[in-house]
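K.L.:
My structure is below; once you've seen it, I'll send some questions.
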């Protein structure tokens with residue numbers, strides 16, 4: 001029995017790619033876990049005790065829809081280029097603005113799982129942010145919570161920072177999945 005939309009318990013890791021006997025959590029390729037690991041964690045409800053799952057998958061990024069595309073290279077989801085305005089503000093896991101950080105950003109690309117942005121401020125490490133899209137986005141006024149995954153100096157524009165954000169709220173992922181499939 002896999003996790004259903006109503007939150008029932010999974011009997012195996014949602015990131016285990018059965019056909020390839022590989023872990024799909026690693027962003028820099030596929031991890032081929034040893035057989036004993038697969039039997040102890042990947043194919044059992046104990047997958048939450050796996051060190052790889054704790055590090056990369058336990059933060060709410062579990063794909064619950066079976067139609068999600070499997071990883072191909074580094075990316076799990078198709079990206080769409082687009083320069084859209086978005087307001088970024090530091091927040092709590094519930095989306096309550098804390099006032100610690102705020103800035104305007106522009107998207108470089110986005111997928112149903114997250115977005116890459118450029119802005120003139122650096123987002124503090126490990127930040128959760130509330131994002132607010134303007135009326136020019138696919139879904140006008142879309143708002144949600146995202147987590148900073150990475151950031152670096154923008155290669156083309158000194159003084160700007162490029163950052164990758166992963167959506168943390170289920171609504172944003174589900175809404176973009178529907179919109180991007182059109």
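The values are calculated or read from the model by the stated rules, or taken from the named source; none is laboratory data. Keep in mind that what you see is a predicted model, and the values were worked out from it rather than measured. A quick note on method: Cβ atoms are made from the backbone with ideal geometry, for glycine too, and the neighbour counts reach across all protein chains shown.
K.L.:
If a residue must be in a helix (DSSP H, G or I) and crowded, with 18+ Cβ neighbours inside 10 Å, how many such residues does the stretch 32-51 contain?
P.N.:
4
K.L.:
Now for a different question. Among the residues of the stretch 142-166, write down those that are surrounded by 18 or more Cβ atoms within 10 Å (Cβ to Cβ) and at pLDDT below 90.
P.N.:
142
K.L.:
Can you spot a residue in the stretch 69-80 that is touching a helix residue (DSSP H, G or I) at 6+ places or on another chain (Cβ under 9 Å), farther than 23 Å from residue 145 by Cα and modelled with pLDDT of 80 or more?
P.N.:
Among the residues of the stretch 69-80, not one is touching a helix residue (DSSP H, G or I) at 6+ places or on another chain (Cβ under 9 Å), farther than 23 Å from residue 145 by Cα and modelled with pLDDT of 80 or more, which makes the answer no.
K.L.:
Six or more apart or on different chains, Cβ under 6 Å: which pairs go from a residue in the stretch 25-45 that's in the same structural domain as residue 15 (by TED's automatic domain parsing) and within 15 Å of residue 14 (Cβ to Cβ) to one that's in a helix (DSSP H, G or I) and at pLDDT below 90? Could you list them?
P.N.:
As it stands, the answer is 25/52; 25/56; 25/57; 41/47, since those pairs meet every condition given.
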